[in-house]
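Here, each number is a calculation from the coordinates, and none is a lab measurement. Note that this is a predicted model, so its numbers are computed, not measured. Virtual Cβ from ideal backbone geometry, glycine too; neighbours counted across all protein chains shown.
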Amino acid sequence: MYSTVLLLHSWLRWVALIGGVGALFALFKEGDKTTTNGDRWVLITMIALDLQLLLGLLLYFALSPFTAEAMRDFGAAMRNAPLRFWAVEHITTMFGAVILIHVGRVLARKSKDGSGRLKLIVCVALAVMAMLGGMPWPGMASGRPLFRM
């Protein structure tokens, strides 16, 4: 089960990242229209991130041998860069991305003036940066392949 969930989690990251970048391009292109293709891209990104969150929490609390090892001795995990990445850094940045997407979408929908679109763009841009910063890129101490098979 670990391998299957990890494979889904790994491939779904590309949907979330492409969705976030696509949302930024669409939002910038469309300007300050009220309902746009950009909103659809944001929704796709939000759904992908929510699924990522569910799979990630399943990995974090039930399936991953890395977090299980980190939880046995959290102090030692903080001194081990790869374990610290999985136990703290990855989950923190990705939670941040999920929160930013949701907050941006709510701010855009609740806005009475045109500032909601700008807030959405800022939140999506920050979420994409958080995703990029929290991904286990090849070459990092905790790096993973770009595409799992």
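Out of the residues in region 64-76 that are over 19 Å from the mean Cα position of the chain (by Cα) and buried (at least 17 other Cβ atoms within 10 Å of the Cβ), state the one that is nearest to Tyr2 (Cα to Cα). Give the steps one after another, and end with the answer.
Filtering region 64-76 for residues over 19 Å from the mean Cα position of the chain (by Cα) gives 65-66, 68-76.
Now restrict to residues that are buried (at least 17 other Cβ atoms within 10 Å of the Cβ): 66, 70.
Working: Phe66: 12, Ala70: 17 Å.
This residue is Phe66.
Confirm whether Arg105 is surrounded by 20 or more Cβ atoms within 10 Å (Cβ to Cβ) and touching an Asp or Glu at 6+ places or on another chain (Cβ under 7 Å).
Values: surrounded by 20 or more Cβ atoms within 10 Å (Cβ to Cβ): yes; touching an Asp or Glu at 6+ places or on another chain (Cβ under 7 Å): no.
Answer is no for this residue.
Go through region 1-58 residue by residue and tally those that are more than 26 Å from Pro145 (Cα to Cα), surrounded by fewer than 16 Cβ atoms within 10 Å (Cβ to Cβ) and of a type outside the set (Val, Ile, Thr).
Number satisfying all stated conditions: 10.
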